[in-house]
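Read-outs throughout are calculated quantities, based only on the coordinates presented, and are distinct from any laboratory measurement. Every value quoted in this text rests on a predicted model; they were computed, and no experiment measured them. A quick note on method: Cβ atoms are made from the backbone with ideal geometry, for glycine too, and the neighbour counts reach across all protein chains shown.
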Amino acid sequence: MRVDLTKAVLAGVAGTVLFDLTGLALTGAWWDIPGLLAAKLGLGLSAGVAAHYANGVILATIFAALADSIPGPRIGRPFLFITVQTVVGVWLFMLPLLDMGFAGLGANSMLPIITLARHYAYAVPLILLAGHATANSGIADTTPSRA
């Protein structure tokens, strides 16, 4: 299976923009995650933005590779994928690592809802990849079946 990298990159960038816009709407902060990454990496904001958007592209590429194997309707697959990613990657790993506790509850009781809403916004462009994730998708299998 080959991933259509052009679609994955576009979906990852578009999803990350939606993630950032949702964050702005919910928290009033623009590029809070890139700022946090910049501080943790000891680099400037531009490096934090680059890391943030690279992460978005990497997640979209992983989704594109897995999309056809994720159960459920095509439109639901990105949301299932991103829910698992948010719970495992953000709630159980990243936020505790940042001393915010499970799901960020040690920092703000609304943080689990905010992080999930932001990630669901990110998932919307991934719908374009679900079921069409591979470079060869849409091409009918003309291999004769052996009955």
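Observations
- Gaussian network model of the chain, Cα within-10 Å springs - most flexible of Pro71, Pro34, Pro125: Pro71
- Volume per residue that the Cα convex hull of the range 1-123 spans, once the total is divided by residue count, Å³: 106
- Candidates per trypsin sites (Lys or Arg not before Pro) in the range 1-45, loop by DSSP, up to 14 other Cβ within 10 Å: Arg2
- A simple charge model with +1 on the Cβ of Lys and Arg, -1 on the Cβ of Asp and Glu and nothing else charged puts the dipole of the chain at about 260 debye relative to its Cα centre.
- Using the Karplus relation 6.51 cos²θ - 1.76 cosθ + 1.60 with θ = phi - 60°, the per-residue 3J(HN,Hα) values for the range 98-115 come to 8, 6, 9, x, 4, 6, x, 5, x, 9, 6, 5, 8, 4, x, 5, 5, 5 Hz, with x marking Gly and Pro.
- Residues whose amide H falls under 5 Å from that of Val3, counting only those 5 or more places apart or on a different chain, are Ala135, with hydrogens built in the peptide plane.
- Taken along its principal axes, the alpha carbon cloud of the range 1-49 reaches lengths of 37, 27, 14 Å, longest axis first.
- The value of relative contact order for the range 5-128, using C-alpha pairs under 8 Å at least six residues apart, is 35 percent.
- Only helical runs count toward this figure. For the chain, summing -39,500 (n - 2.57) over DSSP H runs of n ≥ 4 and dividing by all residues gives -17000 deg cm²/dmol at 222 nm.
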